[in-house]
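Report on the following structure.
The values are calculated or read from the model by the stated rules, or taken from the named source; none is laboratory data. What you see is a predicted model; the values in this text were computed from it and never measured. Every residue, glycine among them, receives a Cβ derived from its backbone with ideal geometry; neighbour counts consider all protein chains shown. These area figures cover heavy atoms from the full protein model, side chains too; ligands, DNA and RNA do not enter into them. Shrake-Rupley method; radii C 1.70, N 1.55, O 1.52, S 1.80 Å.
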Amino acid sequence: SFCPGQEFYRGELFVTGQHFSLTDGHLNVELSVDFENLQMPSDESLTVTPVLKSGESEQELPSVLINGAEKQKVYQRTQALSAGKRNGKARTSPIPAVVIRDDAAVSRAFTYKASIPYEEWMEQAVLLLRSQECACHGRKGDIYEDKIADGLRLPKLRTSPWDAGTDAGFLSLVNFIQPAPDKDTLHCITGSIPYFEREEDRKDGKQLGELSEEKQNFEIYYRLRDALREVRRETGTELAKVRVTGYGAPVGNLKKNETNALIRALKLKEYLRENRLSGKALLEVDWIPEDWDSITSLVRGSDMMLKDATLDLIDNVEISKGRERMLMSLADGKPYRYLSEKIFPAVMRVDYRIEYTRKPLDAAESLQLLRSGKQRALRLNEFFAVAGSYPAGSTEYNDVLDLAARLFPDSPEANINAAAVALTKRDTKRARQYLERFATLPMAYNNMGILCLLEGNRDKAEVYLTMAAAAGVEQAVKALEKLKAEN
């Protein structure tokens, strides 16, 4: 199973993929490990030992030695000296399975493979990674243990004649679906900058509404710049439009408020342009002088006195016909004081909407995003691009396709491909979970046929494979030939 970000050794190393299988009575363990975040001095080392453990039973697997650059030179000299001794009395440490130099200039990831005689208790075992620091330069050489897998989940082998043969041969009978190419897509993020924050949200310093207009412009620019920075950090994005809308409250004369709103919008737009907020992208700035829609909404959700009478006045008296004056007269002005103190300040704000396009990423960019833990930002095609950068049937290829199906549960292509992966491992239960919902789609016919064969339902398999062959799926033609050869 693909488990991005399964961390160990203080969160500095990650297991990005793991696979277990049985061959000729031997357990094969394969781990993909990323040590990009490892913080280790050049003259130190770290020994990582996979350990299988179940109850009283424990089995250590061959270790991995990660040497700092200086430590690697010492290690190589020691190995050369050991090789030169002929009397056989030189003491040597257990030979590690992999020796890696911790060098920032090269890839800081490796694939660990080991094979050991299989015993029944191992299927229920947990897999631990035991990380031991070197006891050098006065350090204690601490040992860390991290659980990476609960049970090995070995594929159950069936007795069908279709289980015979190599994985490569069986892989040729399932088919993988490539979805239609991605196009640039439009995305948007929205936000709001309040003039007066609620008491519980307030920070030290003045509120935006207490600042001079010049300082307000700077603060608005600063907040928008932060929001845009998040957009620009995402690979493949291009800014399309920034729309900023200010909202005022009914304080003073309406006509004066309208004039001030127009001037305010122009000044803010000029300031944002001078500071190149949106670059070449379209920048729109508007200002609503009196936001009665928000006032109505806030009053409706409040516990103010005479709420219904206040709402009735707002709904039925036009602004130009003395709405504000009548509110001031209602119940000796008590409702209006509530509006002035509680509602109007909450209305005053600047809302923004940032629109941007995102181009499809290539395999290298997609892989970088996947390794950074931002797999949810990837599109389906980008997952397939990552998978396609590995050999078909490899652990990495299988893990990426399996993850894609979990992140895109409604995608037929993602599920059919994950089922194909499960079928190559003879995991019929998992394959059926992925395929069941999409069994009536022509693109699923071939893999449904292979699934039925593995489950022993030959008649149903032949129906699916015949339909798939008629649709031009080469794998179905081969599977039908295999079926006829068995008769």
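Overview of values
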item	result
Any pair with Cβ under 6 angstrom, 6 or more apart, that starts in the range 123-142 at a residue that is more than 27 Å from residue 29 (Cβ to Cβ) and ends at one that is surrounded by fewer than 18 Cβ atoms within 10 Å (Cβ to Cβ)	135/141
Unmet criterion (only one of (1) buried (at least 18 other Cβ atoms within 10 Å of the Cβ); (2) touching a Lys or Arg at 6+ places or on another chain (Cβ under 8 Å)) for residue 271	(2)
Members of the range 127-153 that are touching a Gly at 6+ places or on another chain (Cβ under 7 Å) and either open to solvent by 30 Å² or more (accessible area, probe 1.4 Å) or not charged (D, E, K, R) (or both)	132, 134, 135
Scan of the range 367-399 for residues that are at pLDDT below 75, over 26 Å from residue 28 (Cβ atoms) and either surrounded by fewer than 21 Cβ atoms within 10 Å (Cβ to Cβ) or out of contact with any helix residue (DSSP H, G or I) (no Cβ under 8 Å at 6 or more places or on another chain) (or both), ordered by number	368, 369, 372, 373, 374, 376, 377
Answer from 431, 419, 414 - the residue that is more than 22 Å from the chain's Cα centre (by Cα) and within 20 Å of residue 450 (Cα to Cα)	431
Residues located in the range 273-304, provided they are out of contact with any strand residue (DSSP E or B) (no Cβ under 6 Å at 6 or more places or on another chain) and in a loop (DSSP other than H, G, I, E, B)	275, 276, 277, 279, 280, 289, 290, 301, 302, 303, 304
Matching entry among 282, 311, 268, 272 (being over 17 Å from residue 334 (Cβ atoms) and touching a Ser or Thr at 6+ places or on another chain (Cβ under 8 Å))	272
Criterion (closer than 23 Å to residue 355 by Cβ, open to solvent by less than 30 Å² (accessible area, probe 1.4 Å) and charged (D, E, K, R)) met by exactly one of 291, 286	291
Considering residues of the range 118-147 that are at pLDDT 85 or above and in a loop (DSSP other than H, G, I, E, B) only, the residue farthest from residue 56 (Cα to Cα)	134
Test: residue in the range 97-115 that is of a type in the set (Phe, Trp, Tyr), at pLDDT 85 or above and assigned to a strand (DSSP E or B)	yes
